[in-house]
Structure formats: C-alpha cells, structure tokens
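Asks: Quick one: this structure, given as structure tokens, is what I'll be asking you about.
The values are calculated or read from the model by the stated rules, or taken from the named source; none is laboratory data. Computed from a predicted structure; not experimentally measured. Counting neighbours? That spans all protein chains shown, and the Cβs are built from the backbone with ideal geometry, glycine included. Each accessible area value is taken on the protein alone, full model and side chains, heavy atoms only, with ligands, DNA and RNA left out. Shrake-Rupley method; radii C 1.70, N 1.55, O 1.52, S 1.80 Å.
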Amino acid sequence: MVQLTGKPEVKGSTESMRMALLTFSLVGLQFTWGIEMTYCTPYLLQLGLTKSRTSLVWIAGPISGLIMQPIVGVVADSSQSKYGRRRPFMVGGSVLVALCLVVMGWAKEIVGCFVEEGERRNTLTIVLAVFSIYAVDFAINAVQACCRSLIVDTLPIPKQQAGSAWASRMVSIGHLVGYMVGTVDLVKVFGTAFGDTQFKKLTLVAGFAIISAVSVTCWAVTERVLVSSGKDEEKPGPVQIVQRIFKSTMELPPRIQAICWVQFWSWIGWFPFLFYSTTWVGETYFRYDAPNEIRDTKDALGEIGRIGSMSLVVFSFVHFTGAFILPQLIKSPEQKSFTARPPAAFAELVTVFQKYKPDLLTAWMCGHLMFSSAMIFAPFAHSVRFATTLVAMCGLPWSVLIWAPNAFMGIEVNRLSSSPAQHRRLPTTTPIELSPTTPYTPSLCAPLGDDTSSNGELAGLYFGILNIYNTLPQFIGTFISMIVFSILEPGKSPELSDAHPSEHHAADGPNAISVCLFIGAISSVGAAYATKRLKDIL
C-alpha cells in the first residue's frame, strides 16, 4: 500500500523557470558524462591499453546501468526519507562522483606515493584508473535514475512531454558547455595550480559542476514523502528487489515493452558514437591533416581531446538548437486543435502547418534514419572536416533520442500509477502545484484524483527497466568493438601510446572505430522499424 503525503513543489514564478529548475541537475550530469566520454578513451590509450582492452573497460557503463539504475530506482520508490524519495540519492551520488573523478585524474600521483617507478607502477596506475571509471559510472547512474524519476514524480501527464523536452534542453546545455570547456587549453590559461594537465583540471571542473547542478535542483524541488501505513512493514531485501525487477521486466505492459525495444536497437548504434567519436575525429586529424610539429607533441592526449571536443562542440550546438526548436515544430499530446488567431496574412499558412505537424513518434523514427544516414559514411571520412560534419549531423537525432523515450515512458508510468485500483493515497494529499508562491494553475497541475495526475509511484522501477534495455545493447556494442579492434588494430595506439613502435598497430588501414560506427548505422535502421511498430500500438 503506497501512501504519499504532501505536495510536490518547484520554486519559480513562471512555468519556464520551474521547468528549468526541475531539470537543471541534468546540466551537471551531462557535463560529467561528456568529459568522461571525451577524454577517458584517449586517457586509457595513453596509459598503454590497446583499443580492444579499452573497449572492455567501457562495459563499466552497461554494467553500472544494468545494476544501479533499476536497484536504486526500486529502493528510492520505497524510501521514507523526510527529504523525499529521490533527492538524498542525488546528493550522495553526486558527491561520490566528484571524489572518484579526482582519483581518476590523479591516479599516477596516488600510485606514485606507494609504488616506486617501474612496470608495476604503470600496471597499478591502469588498475586504479579503470577502478575509478567504474566507480564514476556506478555513482552517476544512481544520480541519473533519480533525476529522471524526479521529473516524472513532479509533473502531471499532460506535461510529461514538455518536461522531457526541458530535460533534453538541459542535457544539450551540459553537452555544449562541457565540450566548449574541453577545447580550451586550461593549463595555459590557469597555470599548473590544481593540476598540471588538461585532464586533471577537467575532472575538477566536472566534479564541481555535478555537485552544483544537483544542489540547485534539490534546493528548488520539494517532494512528496512516502509514509508508513502504521503496520509493521518488512522492507524488501536485495533478493526481493531483484525478483521484483525480473518479474516486472518479464511482464511489461505492451506499450512500455515496445518503447524498451526501440531503445535496445537504438543504443547498439549510439554506444560506439558516444564513447569513441571524439577519439575517431582526433585520430582522423592525426592521420590525414596534422602537421609534423603536432604529430610530435608531448601532450597528444590534450591535442586529440581538444580536436575531438571541437567536433562535439558543433554536435552540441546542433543538439542545443534542436532541443529548443524541435518542441515548437512537433505536436504536443495536449494540443488538440489550433485555436490561436494569427495575422490574416499568415492565418492559412499557420493553420496548414498546425494540421500537418508531425508527432513525436514520427520525429523519433526520422531521427533513427538520420543517424544511420550519417554514420554509414564514417569509414569514408579521410579529413577532420568531413568527420566533424558527420558528427554534427547526429545532433538532431540525439535531441530526439533523449526526449522521446523519456516522454513516452513518463506518460505510460503515470497512467499505471494513477489507477485507483492499484494504489491508495492519504486523504490529506493536496493537488500538485509547481510553485509555493503562485496559485494553482490548471495548465500545470492536476488534482490527484484526476486520471491525468502524476505521482510517479512506479517511476523508479520502470525507468530502471528502460535503462536495462539501454545497457544490454552496450554489452553487444562492446563485444562488436572488441572484435573489430582486435582484427583491424590489435596493437597500441601510435598517436597516444609511448610504447615501442613495434607494439603499435598499423595506421594505414581502415579506422576500426569508423567500422564500429558503420555497424551502429545498420542497427539504427532496426530502431526505426521498431518505432514504426510502436506507432501502430499507440
């Protein structure tokens, strides 16, 4: 029996301000993801790992997502903290992320305090760096699970698509700021204080960013509190939690299951793009465009990171633009008909546009096809300009990818949660209001007894299951990448590693990362077909 008391509130005098504060935590979250995805692959290659072994390191993401998001989601669903079900996990997780980032940046120095110079120190440095990456991924997945669930908890069903659109905007801002910071030579600008390399400074900035952004959202949002029913309730143990997740995964409602399968096929394609595109652009630059003085630089990691970040700045700018413009061009579920009165000269044109506005599902399907049409040309990119163009083309599909599934999942979760047959609420519960300083507004809020109300009682569970379908294809992507790297580039990186040239892989054949991107393009076609099937169900 679920009993929630109080009302969710968000500070702010306007709807836009409240939406921004509710989703602001995602700015810091995505900034940190961006730094990890941009720099950690070349960082590990610089430490001496081969690409095939580096691909195995990146199973940290799917493992952490597979374990942390559903488990933390279920635990948070039943949390009775007086501060709410989501915010304590968000704060604790963000602090842990920041600490692990510092360990990652200073792995060499930490190991150097205990181990003398030699091969053993290098090995232990790699071990500590890999361990810190795993720790960051586990902690950040816990934060992400609660950030997404908090949005679902707070907003009524008619506002789920708008809330997810605002989340997409915050993600785009985090991407853009993170990649722009990555293009700046921070050591040259700020000196060697607080880190003598670009990577060290970026880990500090990322840690500060995630703590600050999460703190803003936690300050602005007041959650409902889950209270005891007065009976002796036995809290579920780890076995019961896993059993509940497994049973729910096997018995998903048809529409939620269809959403999950779209994500499954989509993420087989996006996984290599997110983790290797920066390295791919940087390697393309070193192989085809870089002058000799750049090839001989002592900070190849910084150079590849900055070149790769520049391409992702363009990608993020396209994503940022799409996140703000696309919601205006796509039909909202609360938009029944066109009722505004435009100037007479434009009335007919505006009316026709409103009539033929695409819905979000159609945009999602087109996004898969657009991503596929870009990445299918990756093996033919022999200049950094062409590679950057292909990366930039993926900005719009990414805007839709992080908007659509969360919007549809939020709607379906709240349809389940709002069923009076499933859950009972305290009679003292009051209507949702997004601001304590403004009166109740029907367009933003709905009484809990209404079938459009939102309480997110199942948000942690079902968003955790959605993340399982996001992470399982990452294992597939890791396996594919490992095979491709082992065949095409089995040695160490000639651009980054200081190993003897005899240990380097050849650089005159096809780029292995581009082949992985090509395979991802094929998978995205499957995602487009799965989206078409979802449209038939809805």
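Asks: Can Leu96 be described as in contact (Cβ under 8 Å) with a residue 24 or more places away in the chain and open to solvent by 10 Å² or more (accessible area, probe 1.4 Å)?
Replies: Yes.
Asks: Ser64 is checked against (1) out of contact with any Asp or Glu (no Cβ under 8 Å at 6 or more places or on another chain); (2) assigned to a helix (DSSP H, G or I); (3) surrounded by 22 or more Cβ atoms within 10 Å (Cβ to Cβ) and fails just one. What number does that condition carry?
Replies: Result: Ser64 passes all but (1).
Asks: So which pairs qualify, if the first residue must be in segment 373-400 and free of Cβ contacts under 8 Å to residues at least 60 places away in the same chain and in a helix (DSSP H, G or I), the second must be aromatic (Phe, Trp, Tyr) and open to solvent by 10 Å² or more (accessible area, probe 1.4 Å), the Cβ gap must be under 7 Å, and the two must be at least 6 apart or on different chains?
Replies: Sorted first by the residue in segment 373-400, then by its partner, the pairs are Leu390/Phe377.
Asks: Still on this structure: I'd like to check something: does segment 171-178 contain any residue that is in contact with a Leu (Cβ under 6 Å, 6 or more places away or on another chain), part of a helix (DSSP H, G or I) and in contact (Cβ under 8 Å) with a residue 12 or more places away in the chain?
Replies: Yes: segment 171-178 contains one or more residues that are in contact with a Leu (Cβ under 6 Å, 6 or more places away or on another chain), part of a helix (DSSP H, G or I) and in contact (Cβ under 8 Å) with a residue 12 or more places away in the chain.
Asks: In the set Val177, Val184, Val221, which member is open to solvent by 10 Å² or more (accessible area, probe 1.4 Å), more than 17 Å from the chain's Cα centre (by Cα) and hydrophobic (A, V, I, L, M, F, W, C)?
Replies: Checking each option against the conditions leaves just Val184.
Asks: What number of residues within segment 511-538 satisfy the criterion of being under 16 Å from Pro254 (Cα atoms) and either part of a helix (DSSP H, G or I) or open to solvent by less than 10 Å² (accessible area, probe 1.4 Å) (or both)?
Replies: Here the count works out to 8.
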